[in-house]
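Reading through the structure tokens given below for one structure.
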Amino acid sequence: MRAFYVEADYAPREGYVLSQREKDTGRALRGNKIWKNIRGSVVDRPMPVCGDDQVLLKVGAAGICGTDQHLLRKDADGYTMYDGHSKYPIITGHEFSGEIVEVGKNVKKLAVGDLVSVESMHWCGQCDACRRGMFNQCKDLEEPGLTYDGGFAEYAAVNAKYCYKLNDIMNFYGGDKMTAFELGAMVEPTGVAYNGIFVRAGGLRPGGHAAVFGCGPIGLAAIQLLKTSGAAKLIAFESVPERVELAKACGADAVYDPTSFKDADEQAELLMDLTNGAGISLFAECAGDTKFTYPVMAKSLAIGGKTAQIGHTVGLTPVDVFGWQWNAAIIAGSNGQSGQGIYPDVIALMASGRIDMRKMCTGRYNLEDIDEGMKIMAGKVLISTEYPRLAK
């Protein structure tokens, strides 16, 4: 089968101390500390074998994540720029959906012909975090496309317990299988936003005002989710023009360039003016630019306001906690999209037309042309063997 296969040299940086798990498994907990000379290309790979607890998928669509783009970039020393959990060589792609073409002998609740979306946080079910129901904090986490073969391929084998049916989406859209595949590939980034906003931060009361920092795919998903949950005024901050237009298309009432303000006070004053002094009931921080976003939030929180920290940041962020304390507000950390009924709820929203994440799609490329898709930095690019090839 054809697949986008990524290879790298195992070369721990001088001074980096390997953990026992890294020694035992050959993976990296911090990819940019170990993997050098990373490279990827579409090649022929062996067909995956369907295990007893697995299903074999004919991949319908897969989304390019910023992670997929980031890991292929190299720093001045030749190491990958991606600093997360990873193991190479591997078929990348962790946002994907497909049609089941084979089921393992222990699989009871899925059948050949089912369309499914796949969780990207593959929890063990046995560690302390999993036993508490905190699957996204699994201590023995595996991730398709990062620690074992993922969805940038014609076929993928995954454990059945990570799969969720998309048949309702296909039925809602009149039997359109490709629409179900496309939306299924976007359940993952939508689920990341859902986890932060509703599961971790506790959601927004209808009539409250909301603000989103950063309008990448997760920020765009946050906008649609907040819109459908009843945000009275929905304000977004984004500096990239293409993303500004996508944010408006996804439902933001107003989008402002954060670099246009002279300081955090001016940005916070705008939010207070727009909400007639009420402040923001829920902030979705999807930018990871916390050094600049927290001073704004501290001065524009509503009473009982919430901050859903979804974007990943590097380094320390100075925070004046008085704003949260004075307003009885909370900061909720969030990571991942597994468990907690997140996938079924996101799929149900898609299958009712409440949200349509195709609004953020900025490119559709055949697997063979994935290099072109990797160049697009706004919105969500989808990959499928069903899309036509680019003219060469």
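Picking from residues in the stretch 208-217 that are crowded, with 24+ Cβ neighbours inside 10 Å and over 10 Å from the mean Cα position of the chain (by Cα), the one that is nearest to Leu274 (Cα to Cα) is His209.
Checking Thr259 against (1) under 28 Å from the mean Cα position of the chain (by Cα); (2) buried (at least 19 other Cβ atoms within 10 Å of the Cβ), which test does it fail? Exception for Thr259: condition (2).
Selection within the stretch 76-91: residues that are in contact with a Lys or Arg (Cβ under 7 Å, 6 or more places away or on another chain) and open to solvent by 30 Å² or more (accessible area, probe 1.4 Å). The member of this set that is modelled with the highest pLDDT is Lys87. A Cβ distance below 7 Å, combined with a sequence gap of six or more or placement on separate chains, defines the contacts here; from the stretch 72-92, residues that are closer than 21 Å to Arg2 by Cα and touching a residue at least 24 places away in the same chain (Cβ under 8 Å) reach residues that are of a type in the set (Asp, Glu) and open to solvent by less than 20 Å² (accessible area, probe 1.4 Å) in the pairs Thr92/Asp68.
Taking first residues from the stretch 119-144 that are at positive phi and partners that are of a type outside the set (A, V, I, L, M), the Cβ contacts under 9 Å between residues at least 6 apart in sequence or on separate chains come to Gly125/Arg131; Gly125/Phe135; Gly125/Cys138; Gly125/Lys161; Gly133/Gly339; Gly133/Gln340. When Asp265 is tested against (1) surrounded by fewer than 23 Cβ atoms within 10 Å (Cβ to Cβ); (2) outside any helix (DSSP H, G or I), just one condition goes unmet, and that condition is (2). Screening the stretch 218-255 for residues that are in contact with a helix residue (DSSP H, G or I) (Cβ under 7 Å, 6 or more places away or on another chain), open to solvent by 50 Å² or more (accessible area, probe 1.4 Å) and not β-branched (Val, Ile, Thr) and picking the one that is farthest from Pro189 (Cα to Cα) gives Lys233.
Among residues of the stretch 6-20 that are over 25 Å from Asp371 (Cβ atoms), those with a beta-carbon under 9 Å from a residue that is small (Gly, Ala, Ser) and not in a loop (DSSP other than H, G, I, E, B) at least six positions away or on a different chain give the pairs Pro12/Ala28; Leu18/Ala28. Selection over the stretch 61-75 of residues that are under 11 Å from the mean Cα position of the chain (by Cα) and either of a type in the set (Phe, Trp, Tyr) or surrounded by fewer than 15 Cβ atoms within 10 Å (Cβ to Cβ) (or both) gives a count of 1. When Ala302 is tested against the conditions (1) in contact with a helix residue (DSSP H, G or I) (Cβ under 9 Å, 6 or more places away or on another chain); (2) among the small types (Gly, Ala, Ser); (3) in contact (Cβ under 8 Å) with a residue 24 or more places away in the chain, the lone failure is (1).
Could you tell me which of the residues Gln337, Gln325 is touching a residue at least 24 places away in the same chain (Cβ under 8 Å) and among the polar types (S, T, N, Q)?
Working: Gln325 fails: touching a residue at least 24 places away in the same chain (Cβ under 8 Å).
Within the list Gln337, Gln325, the selection yields Gln337.
Each residue in the stretch 269-301 was checked for being surrounded by fewer than 20 Cβ atoms within 10 Å (Cβ to Cβ) and at pLDDT below 95, and 4 of them qualify.
The lone criterion from (1) open to solvent by 30 Å² or more (accessible area, probe 1.4 Å); (2) touching a Gly at 6+ places or on another chain (Cβ under 8 Å); (3) in contact (Cβ under 8 Å) with a residue 40 or more places away in the chain; (4) not acidic (Asp, Glu) left unmet by Arg358 is number (2).
Residues in the stretch 1-49 that are surrounded by 13 or more Cβ atoms within 10 Å (Cβ to Cβ), assigned to a strand (DSSP E or B) and of a type in the set (Asp, Glu): Glu7, Asp9.
Restricting the stretch 308-344 to residues that are outside any loop (DSSP other than H, G, I, E, B) and under 23 Å from Cys138 (Cα atoms) leaves a set whose member that is farthest from the chain's Cα centre (by Cα) is Ile331.
Would it be correct to say that Gly175 is modelled with pLDDT of 95 or more, at positive phi and open to solvent by 10 Å² or more (accessible area, probe 1.4 Å)? Outline the logic, then answer.
Values: modelled with pLDDT of 95 or more: no; at positive phi: yes; open to solvent by 10 Å² or more (accessible area, probe 1.4 Å): yes.
Answer is no for this residue.
Against the numbered list (1) in contact with a Gly (Cβ under 8 Å, 6 or more places away or on another chain); (2) in a loop (DSSP other than H, G, I, E, B); (3) aromatic (Phe, Trp, Tyr), Tyr88 comes up short only at (1). Within the stretch 54-73, does at least one residue satisfy the condition of being hydroxyl-bearing (Ser, Thr, Tyr) and modelled with pLDDT of 90 or more? For the stretch 54-73, residues hydroxyl-bearing (Ser, Thr, Tyr) and modelled with pLDDT of 90 or more: absent.
The values are calculated or read from the model by the stated rules, or taken from the named source; none is laboratory data. It should be emphasised that the depicted structure is a prediction, and the values quoted were computed from it without experimental measurement. Because the Cβ atoms are built from the backbone with ideal geometry, glycine has one as well, and the counts that use them run over all protein chains shown. Surface accessibility is based on the protein's heavy atoms, side chains included, excluding ligands, DNA and RNA. Shrake-Rupley method; radii C 1.70, N 1.55, O 1.52, S 1.80 Å.
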